[in-house]
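Taking it in order: structure first as structure tokens, then the write-up.
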């Protein structure tokens, strides 16, 4: 039909024909520019590095130290929790009625023993000149002696010697009747 339509006129380019020519032109332009640009593009070697120091070795000592510190903190926390629970159980056991009764009884027995000991050492009428007793593995020995100073003034004193389980001794000198409270 040589560019003529059925009705004798000339065929004009429609919208679809123009869009297809514009699309072809754009694709060719982009392809040419990409081809020209690819000549100037440079490439580098692709490398892969592990970020984890356990694999790469970079900063491994700091990584191991951090992991060790975290593990130690956790172990310490667990140990503290165990100790805290044991102390709580011990406090609970000490606060039972039976434990309070036993502590009160022991306190009264020790007070009575202490009173008898003081009466024996310091009593004027029935005081003993010496004596000894054992208390929880310690041996306590006392004797009443007369000590004179440089001026010739003599006073009565009680010399108490305490020997512990390991054999070390402590000596205490207690004056009798030289002062009041």
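One table, with the values for the structure above:
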| quantity | calculated |
| --- | --- |
| Top-ranked residue of segment 152-181 - restricted to ones that are at pLDDT below 85 and assigned to a loop (DSSP other than H, G, I, E, B), ranked as nearest to residue 130 (Cα to Cα) | 176 |
| Any chance residue 113 is surrounded by 10 or more Cβ atoms within 10 Å (Cβ to Cβ), free of Cβ contacts under 8 Å to residues at least 60 places away in the same chain and assigned to a helix (DSSP H, G or I) | yes |
| Qualifying residue in segment 138-148 (condition: surrounded by fewer than 10 Cβ atoms within 10 Å (Cβ to Cβ) and in contact with a strand residue (DSSP E or B) (Cβ under 6 Å, 6 or more places away or on another chain)) | yes |
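The values are calculated or read from the model by the stated rules, or taken from the named source; none is laboratory data. The shown structure was predicted, so the numbers you read here are calculated from the model rather than taken from an experiment. Quick reminder, even Gly has a Cβ in these numbers, built from the backbone with ideal geometry, and neighbours come from all protein chains shown.
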